[in-house]
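Presented below is the structure to which this report refers.
The values are calculated or read from the model by the stated rules, or taken from the named source; none is laboratory data. Keep in mind that this is a model prediction, so the values were computed, not measured. Please note: Cβ atoms are built from the backbone with ideal geometry, for glycine as well, and neighbour counts cover all protein chains shown. Just the protein is used for accessible areas: all its heavy atoms, side chains included, with ligands, DNA and RNA removed. Shrake-Rupley method; radii C 1.70, N 1.55, O 1.52, S 1.80 Å.
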Amino acid sequence: MINSQRLGKRFKDLVEIDSLSRQEKDVAMELEKILTKMCATVCYDTAKEQVGGNCSNLVAKFKGNIDAEPVFLCGHMDTVGPGKGIKVQFEDGIFRSDGTTILGADDKSALAIILEVMDVILENKIDCPPVEIIFTICEEIGLLGAKHFDYSLMDSKFGYILDSTDTEGIVTKAPGANKITIKIFGKAAHSGAEPEKGISAILVASKAISGLKLGRIDEETTCNLGTIKGGVATNIIPDFVEIHGEARSHDIEKLKAVTDNIVSAFYTAAKKFNNGSDLPRIEAIVENDFTPTNILEDHMAIKLARKAAKNLGITLESKTTGGGADANVFFGKGIVAGVLGTGMTDVHTLNESVDIKDMEAAARLVLEILKVHAAGEI
C-alpha cells in the first residue's frame with residue numbers, strides 16, 4: 001500500500017530544498033502546498049518572531065472520518081550544516097549525499113514518511129481519526145521551535161515524533177538537561193613585568209575543572225563543559241573566561257545535584273585566589289533546557305504503537321536515549337510523544353544515509369497505528 005517510488009521522490013525533493021535552522025521557509029512552503037492539495041487545514045504559529053528565523057512552525061489538520069481522540073504526527077524541518085546545495089545519491093536502495101554535505105534524512109525522512117501515510121489514507125479511503133501534523137523549526141539548535149510553539153493550536157494530547165533511527169523501537173525515556181554558563185572575572189596585568197598584580201581567570205577555571213568528574217556520572221546522568229573562551233594575549237594575565245556546559249539526567253534530583261556540583265566547584269576555586277578583594281568573581285547562570293521524558297508502558301501512545309507493530313509482525317522495543325528531542329518539550333507541556341525511527345544513520349555527518357526499505361517500514365507502522373486507533377482496538 002505504501003508507494004515506495006512516491007516516498008523516495010518526495011524525500012529527494014524535500015532534501016534538495018535548503019532548510020538550515022532559521023531558514024526553513026522554502027521547505028515549509030513546499031510542505032504547505034502538498035498538504036493543501038490533500039485538503040488539510042494549514043496554518044503557522046508566530047515562533048519565527050521568537051527565534052529570529054524566516055519561518056514559523058507549520059500545523060496541518062485532517063478531520064478524519066472516525067470519532068476518536070486526535071493524534072499528532074511530528075517532524076522537524078531544519079537540518080544541520082553543511083546543508084546547502086545537497087545533491088542526493090540513490091544506489092542499491094540507499095540515499096546518501098555526494099559526500100560534501102549532510103544528507104538531511106534527519107529529519108526530512110520523517111516529513112516524507114508522514115506525507116506518504118496521509119496520501120495512502122486519503123487515496124484508499126481508510127478510516128482515520130483526526131490527525132494533526134506539526135512540522136517544527138529550529139530543532140537542531142536547541143529545540144527552539146517546540147519551545148516557542150503555540151500549543152493552543154493543538155487539540156491532541158498524544159502522538160508520535162519521527163526523529164530516531166530504529167524502526168522497531170519507540171523512545172519512551174529521555175533525560176532532562178540544564179545549560180550552564182560560568183563567567184569568571186579576574187584581574188589583568190602584564191605577565192612579564194608585574195604578574196603578581198594580576199588574577200588569572202584561566203587559572204581559576206583550570207583549578208575548578210581539574211576537580212570535576214565530567215562525562216558519564218552514572219547510568220542515567222552525564223555532564224560536559226563544551227566551550228571555553230578567554231584571554232587576549234600571551235603577555236596579559238587573562239581577566240575574563242566564559243565557559244558553557246550542560247548536565248543531563250533522567251532523574252530530576254540527580255540533575256540538580258550534578259549541576260550544583262559544577263557551579264560550586266567554580267565558587268570554591270575562586271575563594272582560593274581571593275586576597276581580600278572582590279576578585280576573582282564568579283557569575284553562574286543555569287537554565288533548564290528541557291525536562292525528562294518518561295512515558296509509562298500503559299499509556300495509550302505506547303499501547304497503540306505496540307498493537308500496530310504486533311499486527312505487522314514486529315516486536316516494538318521501548319528505548320532509552322541520552323539525547324533530547326522535541327518530545328521532551330512536548331512532555332513538559334503535558335503532551336505525550338513517543339519517538340519513532342525512520343532508519344536514518346550517521347546523522348550530522350557527511351556519511352549520513354537512509355534505506356528506502358526502512359522508510360517504508362516506518363510508514364507502515366505509522367499507518368497501522370492510525371488504523372488501530374480508528375478501529376478502537378485499544
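Surrounded by fewer than 24 Cβ atoms within 10 Å (Cβ to Cβ), touching a helix residue (DSSP H, G or I) at 6+ places or on another chain (Cβ under 9 Å) and either within 26 Å of H373 (Cβ to Cβ) or modelled with pLDDT of 95 or more (or both), is that true of E140?
It is true that E140 is surrounded by fewer than 24 Cβ atoms within 10 Å (Cβ to Cβ), touching a helix residue (DSSP H, G or I) at 6+ places or on another chain (Cβ under 9 Å) and either within 26 Å of H373 (Cβ to Cβ) or modelled with pLDDT of 95 or more (or both).
Which of the residues spanning the range 143-158 are part of a loop (DSSP other than H, G, I, E, B), of a type in the set (A, V, I, L, M) and surrounded by 22 or more Cβ atoms within 10 Å (Cβ to Cβ)? Even if it seems obvious, please write down each step before you answer.
Filtering the range 143-158 down to residues part of a loop (DSSP other than H, G, I, E, B) leaves 143, 148-150, 154-157.
Narrowing the set further to residues that are of a type in the set (A, V, I, L, M) leaves 143, 154.
Within the range 143-158, just L143 meets the criteria.
Filter the range 267-306 down to the residues that are among the β-branched types (V, I, T) and part of a loop (DSSP other than H, G, I, E, B), then identify the one that is nearest to K256 (Cα to Cα).
If we take residues in the range 267-306 being among the β-branched types (V, I, T) and part of a loop (DSSP other than H, G, I, E, B), then T291 is nearest to K256 (Cα to Cα).
Determine which member of the set K37, K12, K84 is over 29 Å from S353 (Cα atoms) and not hydrophobic (A, V, I, L, M, F, W, C).
K37
With respect to the numbered conditions (1) in contact with a Lys or Arg (Cβ under 9 Å, 6 or more places away or on another chain); (2) in contact (Cβ under 8 Å) with a residue 60 or more places away in the chain, which one is the sole condition not fulfilled by G376?
Single failed check for G376: (1).
Looking at the range 24-47, I want the residues that are under 21 Å from S152 (Cα atoms) and have a partner that is of a type in the set (V, I, T) and assigned to a helix (DSSP H, G or I) with Cβ atoms under 8 Å, at least 6 apart or on another chain. Which pairs are those?
From the range 24-47, the pairs are V42/T36.
Return a yes/no flag: does the range 239-251 have any residue that is in a strand (DSSP E or B), open to solvent by 20 Å² or more (accessible area, probe 1.4 Å) and within 30 Å of S109 (Cβ to Cβ). Even if it seems obvious, please write down each step before you answer.
Of the range 239-251, the ones in a strand (DSSP E or B) are 240-249.
Next, only the ones that are open to solvent by 20 Å² or more (accessible area, probe 1.4 Å) stay: 240, 242, 244, 246, 248.
From what's left, within 30 Å of S109 (Cβ to Cβ): 246, 248.
Looking for residues that are in a strand (DSSP E or B), open to solvent by 20 Å² or more (accessible area, probe 1.4 Å) and within 30 Å of S109 (Cβ to Cβ), one finds at least one in the range 239-251, hence yes.
Within the range 319-331, identify whether any single residue is at pLDDT 95 or above, small (G, A, S), in contact with a helix residue (DSSP H, G or I) (Cβ under 7 Å, 6 or more places away or on another chain) and open to solvent by less than 50 Å² (accessible area, probe 1.4 Å), and answer yes or no.
No; the residues of the range 319-331 include none that is at pLDDT 95 or above, small (G, A, S), in contact with a helix residue (DSSP H, G or I) (Cβ under 7 Å, 6 or more places away or on another chain) and open to solvent by less than 50 Å² (accessible area, probe 1.4 Å).
Considering each residue of the range 98-127, count those that are surrounded by 24 or more Cβ atoms within 10 Å (Cβ to Cβ) and not in a helix (DSSP H, G or I), and give that number.
2
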